[in-house]
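Scroll down for the structure; my scribbles are underneath it.
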Amino acid sequence: MPEQLPVRDTRHRPLRDLRISVTDRCNFRCRYCMPAEIFGPDFAFLPQHKLLSFEEIARLTNLFTQLGVRKVRITGGEPLMRKDLPVLIRMLRNIEGVQDIAMTTNGSLLVRHAPALREAGLDRVTVSLDSLDNERFGMMNGRGYPVEGVLAGIRAAAEAGLQVKINMVVQRGVNDQDILPMARYFREQGHTLRFIEFMDVGNSNGWKLDQVVPASEIIQMIHREMPLVPVEANYFGEVASRYRYEGSEQEIGLISSVTQAFCSTCTRARLSAEGKMYNCLFASAGEDLREPLRSGRSDDEIRELIRAIWEKRDERYSEERLDHTQGLRKRPKVEMSHIGG
Ligand code: SAM
Ligand code: SF4
Ligand code: SF4
């Protein structure tokens, strides 16, 4: 296959990253993502036969790399709820164009799986943790799951040789008092902590603008105690704005998708667990790739289908939200646990 230029969308954004959701299930019920009252015991998750198989995911990923994808992130739901995940990682590792494989996880199952994931070729993990306070964390994850379980997962990942970053979703009035304790702790541990503004993903998390703590406020809060210096972006499409602690190389990141949208450099496509391609985290609908896969279409045909989906992409939801926050929130959106973060 000759080297092709990355396909570009209507706003000239190349296709560079692919986020693959491997399951819509999760062992947590974070209030901002899968509130327990909606994702209860009777909730209809996808049956096994509707999930893409590992072979189907690998085949699609290979086609995505032919259109420009270089970085792949495995997500969910909780990706480690999917059985035999290292088998998929190894298949992705063997795809020539894939330069980087990362995973976003709640960390609860990492102690068991980190060595096999590393051995299969996973490069990096991002572990989500919203508080070091057991009571608050247990309330936020909706399952009373203890902080120590996640910290043990983080240690296991680092010991296995995985690069580790931490994601903290900040919600005013819920866990904003945890910003400084988290910054101090992960500075000490030597892991990059990334603060994520609470987003209006899906339709069920009761999002309100006044619950968003702007990234600028978070920086100021930390800077007052531990002076920060801005760091230049590493590459086009980098999501987090980065700072380092003065006098050290230790960094923090801020994902300010609400107050400073970064749609103009967004190079990410998403593949849901049932094989739909989404051009934006806030999309209402995806384009089905599973049926073409299962009805015997050739690689060339499916690659051209993906190309056409990206070429007509014009989404810039977060920038539009900045323009007029009220109206857009009423549009139905796919749930984050379905599409992957
Ligand atoms: N279960 C895994 C986890 O929690 O890391 C992976 C999937 S989760 C949907 C991916 C990321 O999205 C997590 O870091 C999570 O904290 C973040 N997230 C979920 N809902 C969010 C929201 N409403 N606003 C901001 N981030 C959110
Ligand atoms: Fe599960 Fe992750 Fe969503 Fe929490 S954020 S409910 S861990 S998918
Ligand atoms: Fe990308 Fe959509 Fe997020 Fe904008 S809102 S950065 S287009 S995923």
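The values are calculated or read from the model by the stated rules, or taken from the named source; none is laboratory data. What you are looking at is a predicted structure, and each value in this text was computed from that prediction instead of being measured. Note: ideal-geometry Cβ built from the backbone for every residue, glycine included; neighbour counts use all protein chains shown. Surface accessibility is based on the protein's heavy atoms, side chains included, excluding ligands, DNA and RNA. Shrake-Rupley method; radii C 1.70, N 1.55, O 1.52, S 1.80 Å.
Below is a table of values for the structure above.
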item: The stretch 117-131, residues that are away from ligand 2 (no atom under 14 Å from the Cβ) and within 21 Å of the chain's Cα centre (by Cα); result: LEU117, ARG118, ALA120, GLY121, LEU122, ASP123, ARG124
item: Residue list for the stretch 82-108, restricted to those being surrounded by 18 or more Cβ atoms within 10 Å (Cβ to Cβ), under 16 Å from the mean Cα position of the chain (by Cα) and more than 16 Å from ligand 3 (Cβ to nearest atom); result: ILE101, ALA102, MET103, THR105, ASN106, GLY107
item: Hey, ILE154 among the hydrophobic types (A, V, I, L, M, F, W, C), within 19 Å of the chain's Cα centre (by Cα) and under 27 Å from ILE38 (Cβ atoms) or not; result: no
item: Tally, over the stretch 1-28, of residues that are open to solvent by 20 Å² or more (accessible area, probe 1.4 Å), within 14 Å of ligand 1 (Cβ to nearest atom) and part of a loop (DSSP other than H, G, I, E, B); result: 3
item: Filter pass, SER256 being within 16 Å of ligand 1 (Cβ to nearest atom) and either under 20 Å from THR61 (Cβ atoms) or not charged (D, E, K, R) (or both); result: yes
item: Filter pass, MET91 being of a type in the set (A, V, I, L, M, F, W, C), over 29 Å from GLU56 (Cβ atoms) and either in contact with a Gly (Cβ under 6 Å, 6 or more places away or on another chain) or in a helix (DSSP H, G or I) (or both); result: no
item: When residues of the stretch 38-59 are limited to those that are in contact with a helix residue (DSSP H, G or I) (Cβ under 8 Å, 6 or more places away or on another chain) and open to solvent by less than 20 Å² (accessible area, probe 1.4 Å), the one farthest from ligand 1 (Cβ to nearest atom); result: ALA58
item: Close pairs (8 angstrom Cβ cut-off, 6 or more residues apart or separate chains): under 22 Å from SER337 (Cα atoms) and aliphatic (A, V, I, L, M) in the stretch 280-305, part of a loop (DSSP other than H, G, I, E, B) and more than 16 Å from ligand 2 (Cβ to nearest atom) anywhere; result: ALA283/GLU315; LEU289/GLY275
item: Helices (runs of 4 or more DSSP H) fully within the stretch 247-330 counting 1 or more residues that are basic (Lys, Arg) and open to solvent by 20 Å² or more (accessible area, probe 1.4 Å); result: 290-294, 299-311
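Okay, residues lined up against (1) within 15 Å of the chain's Cα centre (by Cα); (2) charged (D, E, K, R); (3) within 13 Å of ligand 3 (Cβ to nearest atom):
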site: LEU254; (1), (2), (3): yes, no, no
site: GLN260; (1), (2), (3): no, no, yes
site: ARG268; (1), (2), (3): yes, yes, yes
site: ALA273; (1), (2), (3): yes, no, no
site: LEU289; (1), (2), (3): no, no, no
site: PRO292; (1), (2), (3): no, no, no
site: SER298; (1), (2), (3): no, no, no
site: ILE306; (1), (2), (3): no, no, no
site: TRP310; (1), (2), (3): no, no, yes
